[in-house]
Amino acid sequence: MDFVLVVPSWGGDNYKKRVPVAHRLDMLFSAFEHHPHVIVTRLSPLEMQKSLMVLDEVRFVFGKPAVKSAFPGTQFIGIVGSDTAYSLSPNPEALESFMTGIEIPEKYKEHTLGGLMAAPVDSFILALREGNDISDLKGKIGERPIIATIESSSQKDTSSTKIKKALQSGKSIENTVGPNVAKIIEKNKLYLPSK
């Protein structure tokens, strides 16, 4: 793998109550600012798709126009959490558009669903959540293979939900996130209880 392109969930959906995308992007840029192989983009899903993809004249995904890489030989591998893989596996409708490279419709140009459609992914790397047994997936998400799994020992099982719970109960997050990310969370009063 040469580079990792980080495209965050953009928002505009009802799946989760997320911190605004501008703050999530600041945290991502802070976390990866010195990493030579990680690229974080501030492009919206549609802008990213238009920058990196071209219309595929022969491929359609469930009857919808599809895209391919504008750079021949480029391969896109999706990196998703094991919780996402589990939620997708029994849901054929969600699998239809999940990282299949469907041309993003105007209504999803700045939306999480647009980000999930943006690139044609042939395989996945699964980021394991602590305690998840992925044997039920049988090495696939839908029909696409899981080619590797990753588990961080230094920041094991970190999630925004756990960070939010720690902060709301007055606990420190210094061993959970990097110092620059912690500063962004503190400065913007993120993950605090709603008043």
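Against the condition open to solvent by 80 Å² or more (accessible area, probe 1.4 Å) and of a type in the set (D, E, K, R), how does Glu96 come out, does it pass? Show your work before the answer.
Working: open to solvent by 80 Å² or more (accessible area, probe 1.4 Å): no; of a type in the set (D, E, K, R): yes.
No: the conditions fail for Glu96.
Output the residues belonging to segment 80-105 that are modelled with pLDDT under 90 and more than 13 Å from Gly142 (Cα to Cα). Quick ask: steps written out before the conclusion?
Here is the first cut: in segment 80-105, the residues modelled with pLDDT under 90 are 80-97.
Correct list: Val80, Gly81, Ser82, Asp83.
Can you name every residue in segment 115-170 that is modelled with pLDDT of 80 or more, closer than 25 Å to Leu95 by Cβ and β-branched (Val, Ile, Thr)?
Val121, Ile125, Ile134, Ile141, Ile146, Ile147, Thr149, Ile150
Name the single residue that is farthest from Phe29 (Cα to Cα) among those in segment 178-192 being among the hydrophobic types (A, V, I, L, M, F, W, C) and touching a residue at least 40 places away in the same chain (Cβ under 8 Å).
In the first step, residues of segment 178-192 are kept if they are among the hydrophobic types (A, V, I, L, M, F, W, C); the result is 181-182, 184-185, 190, 192.
Among the residues that remain, those that are also touching a residue at least 40 places away in the same chain (Cβ under 8 Å) are: 181, 184-185, 190.
Values: Val181: 9, Ile184: 11, Ile185: 13, Leu190: 16 Å.
Checked segment 178-192; the qualifying residue farthest from Phe29 (Cα to Cα) is Leu190.
Which one of these is aliphatic (A, V, I, L, M) and open to solvent by 50 Å² or more (accessible area, probe 1.4 Å): Ile102, Ile134, Ile79? Step through it out loud before you land on a result.
Numbers: Ile102 fails: open to solvent by 50 Å² or more (accessible area, probe 1.4 Å); Ile134 fails: open to solvent by 50 Å² or more (accessible area, probe 1.4 Å).
Just a single option satisfies the conditions, and that option is Ile79.
Quick one: Thr161 ticks every box in (1) outside any strand (DSSP E or B); (2) under 21 Å from Arg18 (Cα atoms); (3) open to solvent by less than 40 Å² (accessible area, probe 1.4 Å) bar one, so which box is it?
Unmet condition: (3).
Identify, from the list Pro65, Pro105, the residue that is touching a residue at least 24 places away in the same chain (Cβ under 8 Å) and over 27 Å from Ile150 (Cα atoms). Steps first, please.
Details: Pro105 fails: touching a residue at least 24 places away in the same chain (Cβ under 8 Å).
Answer to the selection: Pro65.
The values are calculated or read from the model by the stated rules, or taken from the named source; none is laboratory data. None of these values were measured; they are calculated from a predicted model. Counting neighbours? That spans all protein chains shown, and the Cβs are built from the backbone with ideal geometry, glycine included. Surface areas here come from the heavy atoms of the whole protein model, side chains and all, with no ligands, DNA or RNA. Shrake-Rupley method; radii C 1.70, N 1.55, O 1.52, S 1.80 Å.
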